[in-house]
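Q: This structure is in structure tokens; I'll ask about it shortly.
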Amino acid sequence: MNRRLLLVPSATLLTSLALSDAHAQNIGKQVISSPNAPEAIGPYSQAIKSGKTIYLSGQIAIDPKTKQLMSDASIEDQTRLVLENLKAVLAADGLTLDSIVSATVFLTDLTDFAKMNEVYATYFKNTPPARATVEVAHLPRSAKVEIAAIAVHP
């Protein structure tokens, strides 16, 4: 004997599902940008805000005024400019580097880690974010370092 159980969703359940779907669509995302950081060099935003979370695109050592990469600069100088660029994007939404909870550092030469880390440490004195550092074969415009981050509003 084959028995089948037929479940019919109640009106309350259907209404609840419709409301949660509408809520998910309304959460949306907001573009965060700053004229004090380099413009995006492709189809992406400097940062996206969703709820209280800010997702910062990777920054390289592009001077926001000249729009040129500091190609001949040391890893220390490139790291400083990258962090200043991230700081500028965060400021556009009223945040500071202290709001960063996670960072990913991309280096084209892992032997530059100690020098990069020395500069990085001066920007994150109180509660440094979680971090991953990886060596990559190449970065946009032949930069030496790129840093992407996630920040959260209090």
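Just so it is clear, none of the values below were taken in a lab; they were calculated from the coordinates. This structure is a prediction, so every number in the text was calculated from the model and none was measured. Note that we place each Cβ from the backbone using ideal geometry, even for glycine, and neighbour counts take in every protein chain shown.
Q: For the pair Ala91 and Arg141, what calculated FRET efficiency results from E = 1/(1 + (r/R0)^6), where r is the Cβ-Cβ distance and R0 = 25 Å, to the nearest 0.05?
A: 0.55
Q: Residue by residue through region 74-79, which ³J(HN,Hα) values in whole Hz follow from phi under the Karplus form 6.51 cos²θ - 1.76 cosθ + 1.60 (θ = phi - 60°), with glycine and proline marked x?
A: 5, 4, 5, 5, 5, 4
Q: Also, I was wondering about something else. Based on other C-beta atoms within 10 Å, arrange Met116, Met70 from fewest to most.
A: Least to most surrounded, the residues fall as Met70, Met116.
Q: Could you check the spin-label model distance between Thr127 and Asp98? Points 7 Å from the Cα along Cα→Cβ, value in nm.
A: In this crude label model, Thr127 to Asp98 measures out at 1.0 nm.
Q: Show me the trypsin sites (Lys or Arg not before Pro) within region 61-154 that DSSP assigns to loop and that have at most 11 other Cβ atoms within 10 Å of their Cβ. Before the final figure, lay out each step's value.
A: On the way: sites: Lys65, Lys67, Arg80, Lys87, Lys115, Lys125, Arg131, Arg141, Lys144; in loops: Lys65, Lys67, Lys125, Lys144.
Listed in order of number, the matching sites are Lys65, Lys67, Lys125.
Q: Computed over the Cα atoms of region 28-152, what is the convex hull's projected area averaged over all directions, in nm²?
A: 7.2
Q: For region 136-141, just list the computed ³J(HN,Hα) in residue order, Karplus coefficients 6.51, -1.76 and 1.60, θ = phi - 60°, integers in Hz, with x standing in for Gly and Pro.
A: With the stated coefficients, region 136-141 comes to 10, 6, 7, 10, x, 6 Hz.
Q: Same structure again: Take Asn36, project a point 7 Å from its Cα along the Cβ direction, then tell me which residues of region 59-95 have their backbone nitrogen under 14 Å from it.
A: Once the point is set 7 Å along Cα→Cβ of Asn36, 64-65, 83-95 turn out to lie under 14 Å by backbone N, inside region 59-95.
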